[in-house]
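First comes the structure, then the notes that go with it.
The values are calculated or read from the model by the stated rules, or taken from the named source; none is laboratory data. Note that the structure is predicted; figures quoted are calculated from it, not measured. Positions of Cβ are generated from backbone atoms using ideal geometry, with glycine treated the same way; all protein chains shown enter the neighbour counts. For the accessible areas, the whole protein counts, side chains as well, though only heavy atoms, and no ligand, DNA or RNA atoms are used. Shrake-Rupley method; radii C 1.70, N 1.55, O 1.52, S 1.80 Å.
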Amino acid sequence: MTKFLLSVHVLASILVVGPIAVAASLFPRYARAEGGGGALLHRICRGYTVVGIAVPVFGVATGAALGVLTDAWLLVSVVLTAAAAGILVLAIVPGQQKLLDLPEKAEPGRIATRLSMLTGVFNLLWAVVVVLMIVRPGSTTGA
């Protein structure tokens, strides 16, 4: 059962967080482009954010099955994941909508810059989580 849970957790991480990271990173550049590219990237971020709950759900289930829920590396990963989710839900997705709602003649400068910065932080948090999941410092499960 542990292998199944871990497989679903890793697949969900790749198939959900990956598209969010790419779409959010591309959004500021294409938000105002003709053809609706920004709207499509926003829908991807919004939709995958909802499905993204599978990543921590299966992560916690895997951690419980492995008996590592109290290990420091996992607790730090949970906190970083919560921070990344908070940035996505509370800042990136609403910021994208705000940028899309701007009148055509308005300059998106500050909003786009802020979105780029927040997306960079979001992606950095996920990179650290991935490294923690691989290296598992202090883990007795053998990495």
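Things worth noting here:
- The mean sequence separation of alpha-carbon pairs under 8 Å and at least six residues apart, normalised by the residue count of the chain, gives a relative contact order of 30 percent.
- Annotation for Leu40 and Ile14: the two label points, set 7 Å from Cα along the Cα-Cβ direction, are 2.4 nm apart.
- Share of carbon and sulfur in the accessible heavy-atom surface of the chain [1.4 Å probe, %]: 71
- Correct option for semi-axes √(5λ) of the Cα gyration tensor in Å [calculated from the coordinates] among (1) 27, 17, 11; (2) 19, 18, 13; (3) 34, 14, 10: (3)
- Student exercise, the chain dipole from Lys, Arg, Asp, Glu Cβ charges, in Debye to nearest 20: 100
- The slack in the chain from Phe4 to Arg32, taken as 0.36 nm per residue of separation less the alpha-carbon distance, amounts to 5.9 nm.
- Structure-based [θ]222 nm, the chain - -39500 (n - 2.57) summed over DSSP H runs of at least 4, per residue, nearest 500: -24000 deg cm²/dmol
- Cα-based helix-to-principal-axis angle, 2-12 vs the chain, degrees rounded to 10: 10
- 16 Å reach of a label modelled at Val22, 7 Å along Cα-to-Cβ, counting backbone N of the range 41-59: 41-49
- With the cut-off at under 12 Å, measuring from each backbone N in the range 26-55 to a point 7 Å along the Cα-to-Cβ line of Gln97 picks out 43, 46-47.
- Gaussian network model of the chain, springs between alpha carbon atoms under 10 Å - residue of Phe27, Phe58, Phe122 with greatest fluctuation: Phe58
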